[in-house]
Amino acid sequence: MTGPQAAAPDAWDDAVLAARLLAIDPAGLGGMLLSGGDGVRDEVLAAMTAAMPDKAAVRRMPASIDDERLLGGIDLGATLSQGRPVWRNGLLAEIDGGALIVPMAERLSEGIAARIAAVLDNGEIQADRGGIVEAMPTRFAIMAFDDGCDDDDAVPMVLSERLAFRVNVSGVRPRSLPAIIPAPSGPVEPASDDVLEAITATAAILGIQSIRAPIFALRAARASAIIAGRLEITEVDVALAARLVLGPRATQLPPSDEAPPIDDEDPSPPPSPPSDQDVDQRAEPETEQAPMADVVLEAALASLPKGLLAEIARGGQRRGPSSKGRGKGERRKSPTRGRPVGVRAGVPRGGLRLSLIDTLRAAAPWQKIRADGGEDHRRVRIRRDDLRIRRFESRTEATTIFAVDASGSSALARLAEAKGAVELLLGEAYVKRAQVALVAFRGQGADVLLPPTRSLVRAKRSLADLPGGGGTPIAAGLNAARALADDARRRGRSPFIVVLTDGRANVAADGSHSRDQADADALAAAGAIGAAGYKCAFVDISVRPRPEGESLAAAMGARYLALPRADATQMHAAVKAAQR
């Protein structure tokens with residue numbers, strides 16, 4: 001790269017700049033995902049609202065919002081009083097031309113996020129309530145606050161991919177806001193070919209697959225030119241857009257010694273020998289101008305999050321926003337308890353709960369017609385088809401079951417690794433609603449050393465003295481793990497089985513020392529786990545992984561992980577990755 005090394009960006013300046021760019025083009029840029037910095041958010045929000053038109057509506061979305069409030073629906077009171085369906089606009093229609101504030105965006109349900117994303121894409125709300133079909137145009141920006149502490153608590157990808165900016169202001173102290181420069185009198189000229197090439201080339205080099213990212217970058221560069229009072233997009237605007245939009249989305253590093261592309265159809269002629277006049281001209285001091293693509297790439301690289309460069313350099317790809325609930329218990333429908341997820345038509349019986357407001361809302365448009373039948377006009381006439389029942393969703397408690405091979409000379413090391421991994425998982429139990437159990441198999445059978453628990457004190461006490469040595473009864477260990485999983489499922493939990501062994505069984509299920517029978521019994525036990533449909537991972541801890549381990553993992557339907565020399569931290573990370 002020929003351009004100068006870009007200085008590390010300041011998170012406060014980037015947050016304020018992104019907020020003001022968003023105010024210039026709210027619909028085109030979509031919004032901003034702001035992580036950390038509880039004391040900074042109000043200042044960033046103030047920077048955005050100060051740059052927006054005076055009458056722009058800014059609303060905060062409630063955490064428990066439903067479809068009626070979000071998208072609009074029947075106005076129950078007005079419909080009952082007037083005897084005809086009356087429409088009431090939802091929150092997204094109210095903020096047309098303004099901004100939506102989404103607190104705790106990492107807790108946003110996939111359904112609500114998808115509905116907001118659809119409105120962002122279409123620029124209008126399409127709703128059908130009680131026979132009324134409405135299509136209301138609305139364009140707005142989103143300021144999403146991300147309070148997630150790790151990858152398990154991530155903003156739904158369907159929404160985060162539609163927000164141009166991602167800024168982390170953790171540990172940042174707010175400073176005074178610089179004055180806003182008035183916009184130029186005329187429109188900004190269309191982007192030149194150099195600008196388009198620099199943006200698309202940088203996105204490709206950084207491994208950005210989404211077409212939205214270059215489009216966001218171009219719109220951000222145009223907004224930057226407007227703020228600076230320029231009538232055309234310059235290199236400074238493109239570099240800023242790359243830093244704010246492309247850098248946080250990078251998934252790979254550029255080649256270390258990248259050569260400029262060569263056009264085979266029109267090769268450049270070799271340079272001619274320098275003349276005396278050229279030598280005299282070069283004697284004058286000049287500043288070499290770096291290509292715009294290199295400058296833009298340097299700016300994008302300067303904005304990569306801390307630790308990302310090292311992670312990508314090790315050969316790993318940066319992961320995108322994770323799905324909700326990864327590594328947690330399963331989501332299950334519940335008739336009476338949990339988080340409300342809407343309503344449906346039905347009769348409230350068998351423990352189902354009636355939603356009175358939604359029932360009245362469904363019946364309201366038909367009151368005038370039903371009154372023509374001679375019924376008392378002072379009464380609300382409700383039919384069976386009007387009944388609505390509430391729907392709830394609850395997350396089950398997760399139970400991670402370790403089945404550890406405690407046989408052989410290396411048993412002590414493997415059990416120590418398992419103990420450390422169990423303790424690390426238990427440290428997350430309170431926030432993940434999880435339990436951990438440990439089964440050790442050796443000699444003639446298997447022992448449940450730690451029943452399902454979330455108590456770290458109890459775990460340390462039970463794991464203080466771990467037995468080791470003897471034969472390898474893999475079948476017994478798998479059967480014991482499946483028994484714990486069956487019990488967890490009966491109790492309404494979501495079991496996850498982790499098996500740590502080299503896969504070389506030498507003790508059969510009946511305790512005999514027949515290697516062939518031991519292998520057959522182990523495959524049968526693994527097949528029983530796979531037939532039960534349990535999520536599981538198989539950690540091959542042998543020094544040189546052999547086919548036996550992969551065969552058992554395939555029979556279990558498990559994710560196969562070869563970790564011959566894993567410590568507790570690596571094992572903990574591998575188990576979490578397998579639960580994704």
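The values are calculated or read from the model by the stated rules, or taken from the named source; none is laboratory data. In this text, all values refer to a predicted model and were calculated from it rather than measured experimentally. Because the Cβ atoms are built from the backbone with ideal geometry, glycine has one as well, and the counts that use them run over all protein chains shown. Ligands, DNA and RNA are stripped out before the accessible areas are found, and what is left, the full protein with its side chains, is counted by its heavy atoms. Shrake-Rupley method; radii C 1.70, N 1.55, O 1.52, S 1.80 Å.
Treat every Asp and Glu Cβ in segment 14-103 as -1 and every Lys and Arg Cβ as +1, leave all other atoms uncharged, and give the resulting dipole magnitude about the Cα centre to the nearest 20 debye.
220 debye
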If you plug each phi of segment 547-557 into the Karplus form 6.51 cos²θ - 1.76 cosθ + 1.60 with θ = phi - 60°, what whole-Hz ³J(HN,Hα) values come out, in order, with x for Gly and Pro? x, 4, x, 5, 5, 5, 4, 5, 5, 7, x
For segment 79-135, count all C-alpha to C-alpha pairs, find those more than 14 Å apart, and express that count as a whole percent of the total. 65 percent
Could I have the simple spin-label model distance between Arg490 and Ala78, label points 7 Å from Cα toward Cβ, reported in nm to one decimal? 5.7 nm
So who's got an amide H within less than 5 Å of the one on Phe392, skipping anything under 5 residues away but keeping other chains? H placed 1.01 Å off N, in plane. Ser334, Val341
For the pair Asp13/Gln126, report the inter-label distance in nm, with labels modelled 7 Å from Cα in the Cβ direction. 4.5 nm
Compute the distance in nm between two label points, each set 7 Å from the Cα along the Cα-to-Cβ direction, one at Arg59 and one at Ala228. 3.7 nm
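Charges only on Cβ, +1 for Lys and Arg, -1 for Asp and Glu: so what's the dipole of segment 471-551 about the Cα centre, in debye to the nearest 20?
Dipole size: approximately 420 debye.
If we count every other residue with Cβ under 13 angstrom of Ala554's Cβ, Lys/Arg +1 and Asp/Glu -1, where does the sum land?
Details: positive: Arg559; negative: Asp540, Glu548, Glu550.
Charge balance in the 13 Å sphere: -2.
Arg139: net charge of surrounding residues, Cβ under 11 Å, Lys/Arg +1, Asp/Glu -1, itself excluded? Intermediate results must be reported in sequence, preceding the final value.
Working: positive: none; negative: Asp25, Asp96, Glu124.
Counting the neighbours of Arg139, the net charge comes to -3.
Using a 1.4 angstrom probe on the protein heavy atoms only, could you order Asp385, Asp146 from most to least accessible area? Display every interim value, and only then the final one.
Numbers: Asp385 125, Asp146 25 Å².
Descending accessible area places them as Asp385, Asp146.
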Area of Asp294 that stays accessible when all protein chains are in place (1.4 Å probe, Å², to 10): 30 Å²
If you rank Thr138, Thr251 by how much accessible surface each has, with a 1.4 Å probe, what is the order from largest down? Thr251, Thr138
Please list, in chain and number order, the residues 5+ apart from Thr399 or on another chain whose amide H is under 5 Å from its amide H, with Hs placed from the backbone. Gln435, Ser494, Phe496
Taking Arg20, Arg489, Arg454 and ranking on accessible area (1.4 Å, protein atoms only), highest first, one gets Arg489, Arg454, Arg20
Probe of 1.4 angstrom, ligands and nucleic acids ignored: what's the accessible area per residue over segment 40-120, in square angstrom? 43 Å²
Using each residue's phi in segment 193-208, evaluate 6.51 cos²θ - 1.76 cosθ + 1.60 at θ = phi - 60° and report the 3J(HN,Hα) Karplus result to the nearest Hz, with x for Gly and Pro. 5, 5, 5, 4, 5, 5, 5, 5, 5, 5, 4, 5, 5, 7, x, 8
